[in-house]
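> Before we start, here is the structure in question, set down as structure tokens.
The values are calculated or read from the model by the stated rules, or taken from the named source; none is laboratory data. Since the model is a prediction, treat every value here as computed from it, not as a measurement. No Cβ is skipped: glycine too gets one built from the backbone with ideal geometry, and neighbour counts run over all protein chains shown. The protein model used for the area step is the full one, side chains on, heavy atoms only, and it has no ligands, DNA or RNA in it. Shrake-Rupley method; radii C 1.70, N 1.55, O 1.52, S 1.80 Å.
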Amino acid sequence: MDNFAEQLVKKQQTSADRAKLIMIVAGGIILTVLLAIGAVLMLGRPLISFVGLIGAAGLGYWTYFSAQSMQVEYEYTFTNGELDIDKIIAKSRRKAMLSVDVSKFTAFGKYNDSLEETSDMTVVFATDNIASGEYYADFPHEEYGSTRLVFSPDEKMLSNIKKALPRTLRAQAEKEL
């Protein structure tokens, strides 16, 4: 029987993310309007006017695209001991972040900021930014080397992960979690 769980986690925007979004939208709108006004004022020179209008349209599209790109979700898929993490941007573009066999975990538990990280460790955050219910998993990865994944699994996902953990980690996880 297959062991399968899937979870979608929406990343909550921080105040820094909101400020960045406001700067992108406000700056984009102001620059687009200024470029369009400049193009209209250059009606005596049709080529410059046309290039200005095309530039204004391109800048407007870039502003919209950049604002939409700040909407991020993470999808966790657990299938028979394999955990896949995908990043979904603006509900339209999907990027595979990593794939790992849970039996290769060297450490697993509740995440807190006091956990030490080595200088050569790659930390992958795929969490909702709420800072409650976050877990970490350390493991060797072919592409990233020594890796720490920080994520927010629900109960079903957590249950499936615990079943696939190496025996020593499973016993430790049952005690602590």
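> With the checklist (1) touching a residue at least 60 places away in the same chain (Cβ under 8 Å); (2) open to solvent by 80 Å² or more (accessible area, probe 1.4 Å); (3) not hydrophobic (A, V, I, L, M, F, W, C) in hand, flag the one item Ser152 doesn't pass.
Result: Ser152 passes all but (2).
> Could you tell me whether any residue of segment 42-61 is open to solvent by 80 Å² or more (accessible area, probe 1.4 Å), of a type outside the set (Ser, Thr, Tyr) and in contact (Cβ under 8 Å) with a residue 40 or more places away in the chain?
Checking segment 42-61: not a single residue is open to solvent by 80 Å² or more (accessible area, probe 1.4 Å), of a type outside the set (Ser, Thr, Tyr) and in contact (Cβ under 8 Å) with a residue 40 or more places away in the chain.
> Tell me, which residue of segment 127-142 that is surrounded by fewer than 15 Cβ atoms within 10 Å (Cβ to Cβ) and touching a residue at least 24 places away in the same chain (Cβ under 8 Å) is farthest from Ser103 (Cα to Cα)?
Ile130
> Could I ask something else about it? Quick one: is Ala90 farther than 30 Å from Phe125 by Cα and within 30 Å of the chain's Cα centre (by Cα)?
No; evaluated as a whole, the condition is false for this residue.
> With Ala26, Ala36, Ala19 as the choices, which residue is hydrophobic (A, V, I, L, M, F, W, C), open to solvent by less than 80 Å² (accessible area, probe 1.4 Å) and at pLDDT below 95?
Ala36
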